[in-house]
Amino acid sequence: MKIQNFLDHHGIASNPFADEDAQTDLVFKGACIRSTFHPAWDKIYGDPSEPATAVVFGEKGSGKTAIRLQLARRLADYNADHPEHQAFVVEYDDFNPFLDRFRDRFSGRRRRTERMLDQWRLWDHIDAILSLAVTQLTDRILGNKQARYPAARDEPPPIEKLDLAQVRDCMLLAACYDQSTAENSFQRWRRLRQRLRFRTWKSKWDLTLGIATTLAAIILFVWFGGISALGRPWPYLLIAASWTPRAWRLLRWWWTARRIVRNTRSLNRSTKLLCRTLLNFPGSEIVGQPLPAYQRTDDRYELLTKLQGVLRSMNFDGVLVLVDRVDEPYLINGSSELMRALVWPMLDNKFLKHPGLGLKLLLPSELERMLDRQDRDFHQRARLDKQNMIRSLDWTGQSLYDMANSRIAACAAEGRETKIIDLFDNVDQRRLMDAFAALRVPRHLFKFIYRLLTAHCNAHSEEQPEWKISASLFESTLALYSRDQEAFDRGVGAG
């Protein structure tokens, strides 16, 4: 007996429980993403017009990735309805490239993951977030259609609203943080300069002085002294003096670029290209501006504030950063201690409460168990009592029962209304809810029902089909699955 035949009999066009990962779950993305929410959704989502931080802990399969996707979809709807008051969304969920670049800064024993992560600081997180935000902003200004971003509208941002100082800030941020690999970073910066009409001719004065003086010296000495005058030292001393300002600026900005490259440890920058870019800023435009040239957070906060000012002029009231999948980088490999080393620097009240910035931290439950073991200094710095903290993404049997019905409704054939209870024989609603409560999270629910459907259909032939799942099969399959679930919780099973 085929599973699809069983489902067709009950008016279900496709299997609602075949997918277990929200990233690839078409049922969730197509129907449930706007209708099926965790009971704590309102606290997590907040109000996009006043971005707020939420720190959420949940075990594997509890729906953290689904919540991230729902946040992105809800914010896309919000931006569509409020074009003059949008939210700028940054997904900070792929840590592999940042950790790889960070690790490349170390050698020998310091490259070991635990020792390397001991050096990871808050400013490394801010650098990573700024790089994601600035790269997205640059792509959207340049009209890059190949790059797709969450909650982003199709039309380009209104760059005509930027004043001269904000144009300068945008160019400075792009010079330091644009991480696009689509083209050479300097060529991309030049395209952005042309798009924003950022004038750089004032920065060429020293180059113009050197060229003009060299040509004038050659012409004058040849004109008045003949070819023999070129054998004297005076022409060369004059030419060398005229190139001194250029040499000084080149050395100065090469050294600054080198410090920026060394201290933005989670990014991939070229000293040569960055120096070439910085040389295009007139001295009056860049002197006194913050640059990420030191290992400290002060400059990063100022640069973050500059980015927010640019975005505010483009109709973005706030920045929302969605943090997820901290257990998935291959260097972390699910280790609780390594996750703690990566995440703990981010738990800083000044950062989490930065005006106009809302972080949605979707963290594994293993980290929640570590909170109470931290010292007083950590709790005073993090002030998690002010961060809309949710200690556990708990699902009750009733909420999982409603979720199962929502997924079935999403897959129902036209004109049919089927409930999860309709698939069973002699299993009442209370028993289903109690069983679902023991499964705890949506992923275990989906796995259990899929295994139950498979076991039922394998037990009957197409010639003698049975259209109801018996209570005995339900209980025996639940017992076997509970055993596997316990093994998974102990870390000795595949789940």
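Kindly provide the set of residues from segment 270-292 that are touching a Phe, Trp or Tyr at 6+ places or on another chain (Cβ under 7 Å), of a type in the set (A, V, I, L, M) and part of a helix (DSSP H, G or I), ordered by number.
273, 278
Please find, within segment 264-320, the residue that is surrounded by the most Cβ atoms within 10 Å (Cβ to Cβ) out of those that are within 19 Å of the chain's Cα centre (by Cα) and outside the structural domain of residue 45 (by TED's automatic domain parsing).
264
Answer yes if at least one residue in segment 192-205 is of a type in the set (Lys, Arg), in contact with a helix residue (DSSP H, G or I) (Cβ under 9 Å, 6 or more places away or on another chain) and on the phi > 0 side of the Ramachandran plot, and no otherwise.
Yes, segment 192-205 has at least one match.
Select the helices (runs of 4 or more DSSP H) contained entirely in segment 354-467, then report the ones holding at least 3 residues which are farther than 20 Å from residue 57 by Cα, in contact with a strand residue (DSSP E or B) (Cβ under 9 Å, 6 or more places away or on another chain) and touching a residue at least 24 places away in the same chain (Cβ under 8 Å).
Passing ranges, in order: 442-458.
Keeping to segment 13-34, report how many residues are over 19 Å from residue 458 (Cα atoms), buried (at least 18 other Cβ atoms within 10 Å of the Cβ) and of a type in the set (A, V, I, L, M, F, W, C).
Total meeting the criteria: 5.
Which of the helices (runs of 4 or more DSSP H) found entirely inside segment 80-171 contain at least 3 residues meeting this: in contact with a helix residue (DSSP H, G or I) (Cβ under 6 Å, 6 or more places away or on another chain), within 19 Å of residue 292 (Cα to Cα) and not polar (S, T, N, Q)?
Answer list for segment 80-171: 122-142.
Has segment 328-337 got any residue that is in the same structural domain as residue 112 (by TED's automatic domain parsing), touching a Leu at 6+ places or on another chain (Cβ under 8 Å) and of a type in the set (D, E, K, R)?
Scanning segment 328-337, I find no residue that is in the same structural domain as residue 112 (by TED's automatic domain parsing), touching a Leu at 6+ places or on another chain (Cβ under 8 Å) and of a type in the set (D, E, K, R), so the answer is no.
Let me spell it out: the conditions are (1) farther than 26 Å from residue 364 by Cβ; (2) surrounded by 16 or more Cβ atoms within 10 Å (Cβ to Cβ), and residue 102 meets all of them except one. Which number is the exception?
(1)
Test residue 232 against the criterion of being farther than 20 Å from residue 284 by Cβ and at pLDDT 80 or above, and give yes or no.
no
The values are calculated or read from the model by the stated rules, or taken from the named source; none is laboratory data. Just so it is clear, the structure is predicted and the values come from calculations on it, not from any experiment. All Cβ positions, even for glycine, are placed from backbone atoms using ideal geometry, and neighbour counts span all protein chains on display.
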